[in-house]
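This report concerns only the one structure given below.
The values are calculated or read from the model by the stated rules, or taken from the named source; none is laboratory data. Because the structure is a prediction, the values reported are computed rather than measured. Virtual Cβ from ideal backbone geometry, glycine too; neighbours counted across all protein chains shown. We work out accessible area using only protein heavy atoms, side chains counted, and drop any ligands, DNA or RNA first. Shrake-Rupley method; radii C 1.70, N 1.55, O 1.52, S 1.80 Å.
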Amino acid sequence: MTTTTSPGTDTQPSVPGGVDAAIRHGDHPLSRFGDTLMGVFVKLVLLGAVNGLGVLMIVRIVGLDGPWWGVATVAVTTLLLDGIYLGKRKLPLKYLIPGTIFLLIFQVFPFVYTFYIAFTNYGLGQILTQDQAIERIERVSIRTLPDAPRYGAVPFADGDDVALLLTSPDDEVFLGTPDDGLLPLAELDVTEVDGRIVAVDGYERLSLGAAQDRIDAFTALRIPVEEGEIELVSLSAATMREQTRFYDPDTGLLTDELTGAVYAPSDRGRFVNVEDPADTLSPGWRVVVGTENFVRAFTNEAIRGPFARVLVWTYAFAFLSTFGTFALGLLLAITMNDARLKGRRIYRLAMIVPYALPTFMTALIWRGMMNRSFGVINEMIGVAVPWLNDPNWARFSVVLVNLWFGFPYMFLISTAALQSIPSDLYEAASVDGASGWQRFRKITLPLLLIATAPVLVSTFAFNFNNFNVIYLLTGGNPPIAGAATPAGHTDILITYTYRIAFESGGGQDYGMGATIAVLTFVLVAAMAALSFRWIRPLEEINE
Amino acid sequence: MSNWRKWLAVVPAVALVLAACNGEEPVEEPPVEEPVEEPVEEEPVDEEEEAVAEEPVVRADADLVIWADDTRAPALRSFAEEFGAENEVEVALQEVAFDDIRDRLITAGPAGEGPDIIIGAHDWLGELVENGVVAPIDLTGLQDDLIDVAIQAFTYVGQTYGLPYATENVGLFRNTDLVPDAPATWEELEEIALGLQDDGTVRQGIVWPSEPADPYHNYPIVTAYGGYVFGMEDDGTYDPSDLGIDSPGALEAANKFAEMIDTGLMSADISYALMLDLFGGGDAAFAITGPWALADFPDVNFEVSPIPPVDGGTPAPFVGVQGFMISAFAENELLAQTFLLDYMATTEAQVALYEVGNRPPALISAFEEVADDPNIEAFGEAGIDGVPMPAIPEMASVWEAWTNAYELIYEGEMEPEAAFEDAASQIRALID
């Protein structure tokens, strides 16, 4: 619940009707600002930057042979922005558009893409396109012929014709050309400068840089000899090689000429031997596999095994973290809010420290401090408490550390909310003879919850996915004995997903990772929807 | 043995993190550089840990683009410049954090944004080849110049995919002030270690990473009992259908680990940073780790030797090989091959890489030039009995399940043999 990734609810203006009302009355400072000379200048500079960016993106997309709709989207969006901000009207749009664009780019697009990946087999061995995969299979099948001599090679060229000066293993020197094969140097017109052959029969020696400029010609260069063809393996060496696997674009089949096996593309994104389904070629390519990942997530024992335990603990962790931090933050906020307390500013500053430090640094420090034998905590208390080694202690420890991470945020929110409660309410309450507890129960808490309930929901959702704290503090450990698949007692859904998708699954399985991400999203979204329904009555108090 | 030393345990972590965010924005993604799960593939708290750049690396505009980590890039710079100047080509050397190179190649390569050459470790091969993102390198003519196990490590399904430049494996570090002579057997070592521990000379007699549990550092003991991870076929490739974690030898080793925890020889709370701290501060007499840690113990006198026979069996550590690979999507593959075969397979280049990386060179002529350092020679000797770390992608399923099995043994949560048997069935379920 720390740092910049906190959900956006806390940044929205909480002043009721503030901006809208101001716009309606036409006296919002920004609406006047736009008419001043300075305002027009700033607007033009910003719009110019937007247009520049648009042109840059279009040039880049076209350069990469990107899709036409990419170009169209950028062009239309840029023109739309110009229209909105240069026009006199559409004032509300001027406020909404930037947010909407960022929402689309940073929220909607990643989600749609994740959703798409969940329906593919994107993962180990399935990351290329089919064309790329065919090219790789053919390339990897190129083998150096057994006992083929390895020649030293120097690139030469005569106009557009390229040739190689080849030195055999027995130090015989030839000029190799695609038309005439190997020509012994003795029969040719050779020019030497300082003992270096610089020209042969009209062909001139090239530097590697010059050869690099005609790299396509040299890559395609084949010099026919009796036993086969000589080709370059680097720009300074050549040998005889042969390709053993060939793709036929007409039939769509791939043939291995050494074994005679024929491979056909499968709907799983692999070339499969038509006679032996177990024989497949690497690499494969990414294909849409429909709901297969979802079916696997629900039925595969290796994935489903510890799922229920992990899910229960995820809820427990998120709940304990959210309400623990809220209770502690509120308690401290009320204490610090008391005018009788001396030096409140200093205390308040001190409260913020855990919030200001990066999680991944402090989590590692906690991990060191909680080491059973060598950690400073056990050194001080003189007892070997298994903070991170025993399942229950480890659960306690992650909640404790997360409490430390999370309470400053709640403290800040609560302090702000407390200060916005009108003090005349309390005066009225004391006149009526309400006790301290009654004042807290009947005035502070309800009014506070109006402001903080959405924050609580977002904090819950954040802790539901609080990867950093778990991964860095315990890595999900200690492990669950006898689990069907590696899992730990402090694993929450997101760290468990990480294990399955990236660590234990025999390589990276983005498709499965995306599937579980989608399922987690559904869980969190459903919970948030329910919570907001529960909050609504609170908001009505204010009206 | 005062309390301030325990505080020191957290210092490396802080330093590491401070280094990681030095001048860069705080990492938004979960920082993967901390070796929490796979201590092998991500070498713990190495100099390589410092994240170089968190922003996506985009292919530089040059004829030849090389991705190397911040440790090796400086050593390569002069060679890259020489190559560029001699041949009138433009060479760009881009720094990418070692642990990021593999994933970035997989995403950037097919999109046309990748480099021509990367630096990497041989156990990435399975993933890189299965994904089709690296190109074969023809090492014909160099076979006799390179250490056999290095070429073998970079061979995958009949093709070689890398030019190796260094090998690495664990060995036994010994504090020579506390223990002048290397023990001849593991049993002798246990006696010395426990003796020093009991009379309070050291805090822990022998240390190697155990928090989290570390199958990589534990492997020599497993192999000493005849255990193995995957069976090896005659041609030296690993057979994923022959999993050896529940083989009789491995189960015997599992019992050995439980015994070592019981006797107090082994502590279950040693993180990599703690190991460096304890051995480096003279609070441990022995440590098991690799050549990357040679520069981390400036304050103690130490020597390296192979791990002595355990219960009569010879320990075989995993051998990792580092090398250069060429991207399958290299824009200039022939030029990349030229640079590697003509400029990197040289004594001069491999010695330069040794000087920054501390690992024994893979080129025999370079190894001989630096082998006058007895510690490097000892690591080479320890590696002779070693086996290449499996590069097959199935290995990814092994680390986590095996780590968990060790943790359950360390904590006494499971019978040792049952823990290994469970891990084996977890791995089989994942591989199938």
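Interface size, chains A and B: roughly 6400 Å² of accessible area buried, both sides included, 1.4 Å probe, rounded to the nearest 100. Averaged over the residues of peptide A:369-377, the number of Cβ atoms from other protein chains lying within 10 Å of each residue's Cβ is 6. Here the Karplus relation 6.51 cos²θ - 1.76 cosθ + 1.60, evaluated at θ = phi - 60°, turns the backbone of region A:277-282 into coupling constants of x, 7, 8, 10, 9, 9 Hz, with x for every Gly and Pro.
For region A:300-542, carbon and sulfur atoms together expose 66% of the accessible surface, with a 1.4 angstrom probe and every protein chain in place. Here the Karplus curve 6.51 cos²θ - 1.76 cosθ + 1.60, taken at θ = phi - 60°, turns the phi angles of region A:149-156 into couplings of x, 10, 9, x, 10, 10, x, 10 Hz, with x standing for Gly and Pro. Accessible surface of chain B, 1.4 Å probe: 47 percent of it comes from carbon and sulfur atoms. For region A:206-231 and region A:143-166, what is the separation of their Cα centres, given in Å? Cα centres, region A:206-231 to region A:143-166: 6 Å.
For chain A, the extents of the C-alpha atoms along the principal axes are 119, 71, 52 Å, listed from largest to smallest.
Loop-located GluC sites (Glu not before Pro) in region A:191-291 (DSSP state not H, G, I, E or B) with no more than 16 neighbouring Cβ atoms inside 10 Å: A:E226, A:E227, A:E257, A:E275. In this label model, A:F246 and A:V225 are separated by 2.3 nm, measuring between points 7 Å along each Cα→Cβ vector. Figure legend: label point modelled 7 angstrom from the Cα of A:R439 along Cα→Cβ; residues of region A:327-343 with amide N under 20 Å from it are A:330-343. Counts of other chain beta carbons within 10 angstrom of each beta carbon in peptide A:125-136 average 4. The phi-based Karplus calculation (6.51 cos²θ - 1.76 cosθ + 1.60; θ = phi - 60°) puts the 3J(HN,Hα) values of region A:138-144 at 5, 5, 5, 7, 6, 10, 6 Hz, whole numbers, x for Gly and Pro.
Rounded to the nearest 10 square angstrom, A:L91 shows an accessible area of 50 square angstrom against a 1.4 Å probe. Only protein heavy atoms count here; on that basis, with a 1.4 Å probe, A:K442 has an accessible area of about 150 Å². For region A:145-243, with all protein chains in place and a probe radius of 1.4 Å, 42% of the accessible heavy-atom surface sits on carbon or sulfur.
Can you give the % of DSSP beta bridges in the protein assembly as shown that are antiparallel, to the nearest 5?
Rounded to the nearest five, the antiparallel share is 85 percent.
With a 1.4 Å probe and all protein chains left in place, how much accessible area per residue does the protein assembly as shown have, in Å²?
Values: 42500 Å² over 975 residues.
Dividing the accessible area of the protein assembly as shown by its residue count gives 44 Å².
Diffusion coefficient of region A:466-508 by Stokes-Einstein, Kirkwood radius over Cα pairs, 37 °C, 0.692 mPa s: 319 µm²/s. At a 1.4 Å probe, which residues in region A:206-239 are at least 20 Å² less accessible with all protein chains present than in their chain isolated? Flagged in region A:206-239: A:S207, A:L208, A:G209, A:Q212, A:I215, A:V233, A:S234, A:L235, A:S236. Put the Cα centre of region B:155-180 next to the Cα centre of region B:302-320 and the gap is 12 Å. Summary of packing: across the peptides B:105-116, A:38-49, the per-residue average of other C-beta atoms within 10 Å ranks them, highest first, as B:105-116, A:38-49. Shielding value for B:329-340 is 5, the average number of Cβ atoms from other chains within 10 Å of each residue's Cβ. Geometric descriptor of chain B, per residue, is 144 Å³ (volume of the convex hull of the Cα atoms). Using Cα centres only, tell me the gap between region B:358-378 and region A:434-495 in whole Å. For region B:358-378 versus region A:434-495, the Cα centre distance is 53 Å.
Rolling a 1.4 Å probe over the protein chains gives A:E138 an accessible area of about 50 Å².
Based solely on its DSSP helices, what 222 nm [θ] is calculated for chain A when runs of n ≥ 4 H residues each add -39,500 (n - 2.57) and the sum is averaged over all residues, nearest 500 deg cm²/dmol? My calculation for chain A gives -16500 deg cm²/dmol from helical runs alone.
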